[in-house]
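Read through the structure below, which is laid out as C-alpha cells, and then see the notes.
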Amino acid sequence: MEDVLVLKDHKTVPDIVHEYEPTLKFGHIPLVIDNGSYQCRVGWSINDEPNMIFKNLIARPRKDRCKKDAEPPVTPPIQIGNDIINIEAVRFQLKTQFDKNVVTHFEVQEQVCDYIFSHLGIDNEGCVPHPIVMTEAFVTPNYSRQLMSELLFEAYGVPAVSYGVDSLFSMYKNDIGDSALIVNCGYHTIHIIPVIKGKVFAEYARRINLGGSEIICYLHKLLQLKYPVHVNAITMSRIEEILHEHSSIALDYQEEIRKWASPDYYEANVKRIQLPFVQSTSSSGLTAEQQKERKKEMARRLLEINARKREERLAEDEEQLNQLLAIQDLIEDGDTDEFNEAIKGFDIKSYEDLQRQISNLNMRIEKNKQRIAAAANAEEMPEPKPSGRFQPPSDPEAFQVWLNDTRAKYREVVQRREARRARRAAMVRRRTAAAAERMRVISHLAAAGDDFGTRDSDWDVYKSISREADSDSEADGERLVELEEALREYEPQQPSNQHHQLHLAIEPFRAPELMFQPSMMGNLEAGLAETMEYVFKHFSPEDQLLLANNVFLTGGCSQFPGLKERLERELLEMRPFQSTHKVILAKNPSLDAWYGARDFAGSNEFENWCITKEEYYEMGGEYLKEHHASNKYYKSPAPIVDNTLAPAGDANVVKEEIVVDC
C-alpha cells in the first residue's frame, strides 16, 4: 500500500503567565530577548531554556458589525504570538513590527513588549527593573536603534540595555574560533559576514533580500497552480509544515530535475500528502453489477415515457387531422357559411391555409409512426454482447494481468501517435535531422530523372518523404477508442480520499533552490554561492583560506537537509585547486543566538557593555556600546543647516531709501 503522509495542522498553545519569583524580582537578573523576524525567544539569563517562544506577529480581528458597542467582544481586540489559535482565520489582519529584518513599526513592537513582560509576571508599577539584552539585525540603522532605546528606557523604565547581532552571538556560542564566514539564513534575509581574528568586516559583508518567507510564498504558489481545485485547502500554515518537514536542497539541481522526468523514479519517490476531506455519506452501497442493472432499468423507463408521449402526440394529431378533413368536406359540399364559421376556431384564414395545415399534420403523423416502429424494433432486437476482444476474465489474478496488458497496449498506441506527430513537426521545421533527410532524398530524386514511380520500390521512397505518411491511421484511432472504453469500464475507481492528495515531486527541491537561484522567482540578486565568492575576492589568499575553513551556518533556514553538502560542493568549485574548506552547522541554528546572548548576559563584564539610562540621555538613543558580538557604532552626522533661504548681505549693493510724501 502507498505511504500517504497526513498533515498535522499544529495548533498553538497559549503562553502561560510565569511566576515572578522573589529571586527574579530582587536579584537584578538580566532578561534576554532574541527579537527575530520569525520567532521571538524570551527568557531569564539564569535559565537553561527560553521561557517563551512565539511568532512575532499580532492580529487585530475585525469588529463584528452585528454586535453593539456595549456588548463585550467574543475575541480579544488584539491577539499576539501564541494567543493566535487559528492563524488562517486572521491571516489578512496579521501585522509585524519588521520591514524585512529591521524593526520599523514600534507601535507593534510596544504591543509585543507588553505581551512579553505581562507573561513573565513582571508586576512592578510603571517599570521593568531588569537589564535587557536585545538582539538586532546586522548593521541596524541608527534611527531604528534610537526608537528601540526610547521605547525601552522611557516607556518601560529599564535600567540598562545591551544590543548584539544574533548571528555573532550564535557564532561565539558554538566556540568555532575567532575567524569565520558567517552565513545567517533568516526569515527575510541571508547575511554573509566575514569575521577575521575577532574583527567584523562590515564593509565586505553582503545581504541577500530573500529568506524563509519568500520560499514559503513560492512553494505556496507552486502548489496552488498545480492543484487549482484545492486552493482553499492549501494554506500558508500547511505550506510551512511541508517546507519544514519534507523539503531539502538538491546537491545538483539540474540532475535532480532529470531524475524526476522518469515515470518510474516519480512513482518510487513521490510524496503523497493527504488533505482533509469529508467522506461522502450518500453512498448507495450497491455493487458494480447492481449499479449497472439500475442504470439499465432507468434507461428502460425513460424509453417507455418517451414512447407514451409519442403515442399521445400521435392521437392528438390524428384527432386534429380528422377535424380539418371534416371542414374540408364542408367546402367541397358547398356549405360556405358553415365553412367560414368552422375555420374561426382553428385560426385558418383561407382554403389554401387549410390545405397547408392538413399536409403538415400528415407529415408529422407519418414521422411519429416511423419513430414508434423504430423504437419497437429496437426493443425486440437482442442486446449486443460485448466482443471478446476486450472482455475481462472473471478470475481476479487473470483480471489483473488483463488490466495491466490493456494499460500497456494503450500506452503503446499513444506513444506511437506521439512519435508520428513529433516526426511530422520535425519535418516542418528547418535545420532538423528529419527535414534534412527529406530534402536530401528529394534532391536525389530530382537528379534521377522522370522515371520515378515505374518501380515498386519507389513507393517506399515516397512514403519516407511524404508528410501524410506520418498522419494518424484510422486503425490506431479505432484501437485507441476501444482501449479507452475498456479501461473506463473496467479499471477500478480511485477512492475519494485520493482526489484530495498533493503529490510532492520536484516542488520540495525547487522552493529552497531559491537560496542559490533567486532569479527563479524574478529576483535579480545573486544567489548564495555567487555572493560568497564575491566576498572571498575582497581578501588576501591567506584570509580567504581562514574564511573557507570555517564557513558557519546559522539561522532557521540553515536547517534544510542538504544545505551543508551543497555549500561544500559549491566551495569545491569556486576555491583554488587542492585548497581546503569546511562548513560547520550550528548545533541549534534557531536557538543558538538566544543561548549566546544568555551566556553574554551572565558574563562578569556584562555591566560594562550596557547602556544605562544616564548614558542614553547623554549620548542619545542611537548610542551603542561595542563588544565582540555587537554592531559598530557610527554616530549620525549633525544635520546640515540650509541657509540658502535667508537673505545674504552684500557690501556692493547700494541701498536706497524711498521717501514717500504723505
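The values are calculated or read from the model by the stated rules, or taken from the named source; none is laboratory data. The structure presented is a predicted model; accordingly, all values stated were derived computationally and were not measured. Don't worry about glycine lacking a Cβ; one is built from the backbone with ideal geometry, like all the others, and counts go over all protein chains shown. Surface areas here come from the heavy atoms of the whole protein model, side chains and all, with no ligands, DNA or RNA. Shrake-Rupley method; radii C 1.70, N 1.55, O 1.52, S 1.80 Å.
Which of the residues belonging to segment 564-615 are in a helix (DSSP H, G or I) and over 28 Å from Ile249 (Cα atoms)? Answer for segment 564-615, where residues must be in a helix (DSSP H, G or I) and over 28 Å from Ile249 (Cα atoms): Ala597, Arg598, Asp599, Phe600, Ala601, Phe606, Glu607, Asn608, Trp609, Lys613, Glu614, Glu615.
A count restricted to segment 178-187 and to residues that are closer than 19 Å to Thr140 by Cβ and open to solvent by 40 Å² or more (accessible area, probe 1.4 Å) stands at 1.
Just to be sure I understand, how many residues within segment 599-621 are open to solvent by less than 50 Å² (accessible area, probe 1.4 Å) and aromatic (Phe, Trp, Tyr)? Selection size over segment 599-621: 3. Taking residues in segment 297-313 that are part of a helix (DSSP H, G or I), and partners anywhere that are open to solvent by 70 Å² or more (accessible area, probe 1.4 Å), the pairs with Cβ atoms closer than 7 Å and at least 6 places apart or on different chains are Arg310/Arg371. Among (1) surrounded by fewer than 16 Cβ atoms within 10 Å (Cβ to Cβ); (2) farther than 30 Å from Ala233 by Cβ, where does Leu553 come up short? Every condition holds for Leu553 apart from (1). Contact annotation: residue pairs with Cβ atoms under 7 Å, 6 or more positions apart or on different chains, pairing a residue in segment 219-234 that is within 18 Å of Lys8 (Cβ to Cβ) with a partner that is of a type in the set (S, T, N, Q), are Ile234/Gln224. What residue, among those in segment 79-138 that are β-branched (Val, Ile, Thr) and open to solvent by 20 Å² or more (accessible area, probe 1.4 Å), is farthest from Gly36 (Cα to Cα)? If we take residues in segment 79-138 being β-branched (Val, Ile, Thr) and open to solvent by 20 Å² or more (accessible area, probe 1.4 Å), then Ile122 is farthest from Gly36 (Cα to Cα).
Does Glu542 satisfy the condition of being without any contact (Cβ under 8 Å) to a residue 24 or more places away in the chain and farther than 23 Å from Ile242 by Cβ? So Glu542 passes the test. Counting only residues that are surrounded by 10 or more Cβ atoms within 10 Å (Cβ to Cβ) and not in a helix (DSSP H, G or I), how many does segment 327-348 have? Total meeting the criteria: 2. Taking the numbered list (1) out of contact with any Pro (no Cβ under 9 Å at 6 or more places or on another chain); (2) open to solvent by 50 Å² or more (accessible area, probe 1.4 Å) in turn, Leu624 passes all entries but (2). Residues that are in a helix (DSSP H, G or I) and at pLDDT below 95 do occur in segment 275-289, at least one of them.
Restricting attention to segment 514-533, the residues that are closer than 11 Å to Ile208 by Cβ and open to solvent by 20 Å² or more (accessible area, probe 1.4 Å) add up to 4.
Answer yes or no as to whether Lys564 is without any contact (Cβ under 8 Å) to a residue 24 or more places away in the chain and under 26 Å from the mean Cα position of the chain (by Cα). So Lys564 passes the test.
If we scan segment 233-255, do we find a residue that is β-branched (Val, Ile, Thr), at pLDDT 95 or above, more than 17 Å from Leu502 (Cα to Cα) and assigned to a helix (DSSP H, G or I)? No, every residue in segment 233-255 fails to be β-branched (Val, Ile, Thr), at pLDDT 95 or above, more than 17 Å from Leu502 (Cα to Cα) and assigned to a helix (DSSP H, G or I).
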